[in-house]
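What follows is a set of notes on a single structure, which appears directly below.
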Amino acid sequence: MSQRFQGRTVLVTGGAAGLGRSFAEHFAAEGAQLLLLDIDRKGLDETAALLRARGTMCATYRVDLAVEAEIQAFAAQLIAEHPRLDVLVNNAGLAYGEIATGFTDLSQEKWLRYFAINSVAPVLLGQAVRPALAAAKGNVINITSMASYMPATAYGVTKATLASMTYAMATHFSADGIRVNGIAPGIMETPASKDSLPAETYARVQGSQMLKLHGVAEDIARLGLFLASDDARFITSEIVNCDAGNRMRGWRA
Ligand SMILES: NC(=O)c1ccc[n+]([C@@H]2O[C@H](COP(=O)([O-])OP(=O)(O)OC[C@H]3O[C@@H](n4cnc5c(N)ncnc54)[C@H](O)[C@@H]3O)[C@@H](O)[C@H]2O)c1
């Protein structure tokens, strides 16, 4: 096992479960110390216990990314405790329930909440921890979705916005030598995707892949580690699809 992140510090949002937990485990396996942020305290503790059992240094932070004051307070604490931050993975997001089905029927309040968490928080958090990223010449990875390419629901629209945010962040953050990239996953089995999507929906969406494979969290984590590593030092403002060739068919259309 290579140790590309030995001595490095990695912040993963949405680290309580699913893709975020897988990112944390894979960065830890390559030597990183982990900072985990989520609104779900119980899930954070579970991920932290998994990492610590393997000897990884890990800190957890319960933060609501819908609340700017919480983002700013967290970032101030992070910079005081960790003046160098090598990687920020903006993985937290709302993906299931009404955001994944609603569009014309949504109130302004709901739209603004969805945008706040899925599209705006990654930028606010990135900017708030930017001094620590700049000190490490670090990088950011935003998790969008194949649903961003042909959005049919609020979810896809918020992820399309996050894709645009990724290009804009890459432009602005390059002044500090910080790379910003994105990953657009296809349908990946996580506890949340399995529990939230009806089995027939899951099968239909998976059935439109070019490659007849079952996507798992590790597929995304491995790609994330490459993009976050020095192997990708010349790559910025790029969104890499990881969906077995599914992207143009839409997720829920
Ligand atoms: N699993 C898939 O098939 C898939 C496909 C494409 C994109 N994605 C994206 O990957 C990410 C992770 O997906 P997942 O399947 O692991 O889902 P998940 O629901 O397990 O993970 C999302 C995490 O974000 C956290 N979160 C939600 N709102 C928050 C808030 N206000 N403040 C802080 N944390 C908050 C949740 O508590 C949760 O731990 C999401 O952004 C999702 O949109 C997933």
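The values are calculated or read from the model by the stated rules, or taken from the named source; none is laboratory data. Predicted, not measured: the structure shown is a model, and the values here were computed from it. Every residue, glycine among them, receives a Cβ derived from its backbone with ideal geometry; neighbour counts consider all protein chains shown. Surface accessibility is based on the protein's heavy atoms, side chains included, excluding ligands, DNA and RNA. Shrake-Rupley method; radii C 1.70, N 1.55, O 1.52, S 1.80 Å.
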Query raised in the report: Counting only Cα, what are the radius of gyration and maximum Cα-Cα distance Dmax of the chain, in Å?
Result: 17.0, 49
Requested in this report: Summarise the accessible area of the chain (1.4 Å probe, protein heavy atoms) by the percent that is carbon and sulfur.
Outcome: 57 percent
Query raised in the report: When the Cα centres of region 47-100 and region 143-210 are compared, how far apart do they sit, in Å?
Result: 19 Å
Query - Lysine pair number, Cα distance threshold 25 Å (strictly under), the chain, separation 8 or more or different chains - result: 6
Requested in this report: Could you tell me which of Ala16, Tyr155, Val67 has its Cα farthest along the dipole of region 9-249 towards the positive end, charges placed at Cβ (Lys, Arg +1; Asp, Glu -1), taken about the Cα centre?
Outcome: Tyr155
Report task. Roll a 1.4 Å probe over the protein chains and send me the accessible area per residue for the chain in Å². Result -> 44 Å²
Requested in this report: Calculate how many DSSP beta bridges within region 9-249 are antiparallel, expressed in % of all such bridges and rounded to the nearest 5.
Outcome: 0 percent
Query raised in the report: Where the only charges are on Cβ atoms (+1 Lys, Arg; -1 Asp, Glu), what is the dipole of the chain about its Cα centre, to the nearest 20 debye?
Result: 360 debye
Requested in this report: Can you tell me the dipole magnitude for region 146-207 around its Cα centre, using point charges on the Cβ only (Lys, Arg +1; Asp, Glu -1), in Debye to the nearest 20?
Outcome: 100 debye
Report summary line: Relative contact order in percent for region 9-249 (Cα pairs under 8 Å, 6+ apart) equals 20 percent
Report summary line: Residue ranges of DSSP H helices in the chain that stretch 15 Å or more (Cα, own long axis) and have mean Kyte-Doolittle hydropathy of at least -0.5 are 18-29, 41-53, 68-81, 154-173, 217-228
